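The values are calculated or read from the model by the stated rules, or taken from the named source; none is laboratory data. Fair warning: this is a prediction, and the values are worked out from it, not measured in the lab. Reconstructed Cβ throughout: ideal geometry from the backbone, glycine too, with neighbour counts over all protein chains shown.
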Number of protein chains: 2
Amino acid sequence: MKTASRTFRALADPTRRQILQDLKEGELAAGEIAARFSISGPSISRHLSILKAADLVSERRAGNRILYRLEADRIAAALGDFLSTVCPTQFLHRRKAKKERAS
Amino acid sequence: MKTASRTFRALADPTRRQILQDLKEGELAAGEIAARFSISGPSISRHLSILKAADLVSERRAGNRILYRLEADRIAAALGDFLSTVCPTQFLHRRKAKKERAS
DNA sequence: CAGCTATTTAGCCAAATAGCTAATATAGAA
DNA sequence: TTCTATATTAGCTATTTGGCTAAATAGCTG
């Protein structure tokens, strides 16, 4: 499963995990994210592209800026899929909403 | 959180994830694990040491051989911790009993 | 002890990663 | 158009990673 490698590699970097945490509050522009770190804007841009390639965040243009949003459902689904195959006993979930049919 | 980096980096490699899956069945010796892959024994040994450093597996010596065991609880705890901080809404806390509904 | 098996450790090399600065889009305003 | 602000892409370097073979370690057996 190639997506699993992309997901875990994306999560392996502390800067990228911090970006995800920052996005918990809501959408942020690339520059706003970069301002929270002491590393350069281009480096943050690269981190964002890795997170987006892994589907952990999504982006949308808002005029001049590009806003990033946390894709919490996808993160939870990716890790949940892995957990359910590697340690199904420990992965006890209450929700059985496998289908996304509007309930 | 340094352990998170170790955990995700360990999980980022497909060979290491496959080792974890193989260990679902039970303990395996290093050689038995290596026999399942087309890469060299020393490379598998390195993968095992990375998994052990991340606490995703444990090892015990059995005479001549070294048996590895999946630390499923630890894996679930590590990923659960991350999920609970980054996407608490999507992270459905596991429950002890079903009588705790509607709480 | 020597010999045998199982496993890890030590080097080495190619590829990937993360950081930087400089250059290149892209959008809006003058 | 030109200017400015926002972001990404390009190119470079140092470090890390994952593979290999060869050598060393650990435990059994004769």
| task | Taking B:Arg61 as the residue in question, decide whether it is modelled with pLDDT of 95 or more, surrounded by 11 or more Cβ atoms within 10 Å (Cβ to Cβ) and away from chain A (no Cβ under 11 Å). | result | no
| query | Right, B:Asp81: loosely packed, with under 14 Cβ neighbours inside 10 Å, charged (D, E, K, R) and closer than 17 Å to B:Ala10 by Cα or not? | reply | no
| note | Among residues of region B:45-86 being in a helix (DSSP H, G or I) and in contact with a Gly (Cβ under 9 Å, 6 or more places away or on another chain), the residue nearest to B:Arg6 (Cα to Cα) is B:Leu79
| request: Please determine, by comparing only the residues of region B:6-58 that are acidic (Asp, Glu) and away from DNA strand C (no atom under 13 Å from the Cβ), which one is farthest from the other protein chains (Cβ to nearest Cβ). | output: B:Asp55
| request: Could you tell me which residue of region B:68-78 is farthest from the other protein chains (Cβ to nearest Cβ), considering only residues that are surrounded by 18 or more Cβ atoms within 10 Å (Cβ to Cβ) and within 16 Å of DNA strand C (Cβ to nearest atom)? | output: B:Tyr68
| message | Go through (1) within 9 Å of DNA strand D (Cβ to nearest atom); (2) without any contact (Cβ under 8 Å) to a residue 40 or more places away in the chain; (3) under 17 Å from A:Ala12 (Cβ atoms) for B:Arg9 and report which single condition fails. | response | (2)
| In region A:31-85, which residues are near DNA strand D (Cβ under 10 Å from one of its atoms) and basic (Lys, Arg)? | A:Arg46, A:Lys52, A:Arg61, A:Arg65
| field | Count - residues of region B:1-41 that are basic (Lys, Arg) and assigned to a loop (DSSP other than H, G, I, E, B) | value | 1
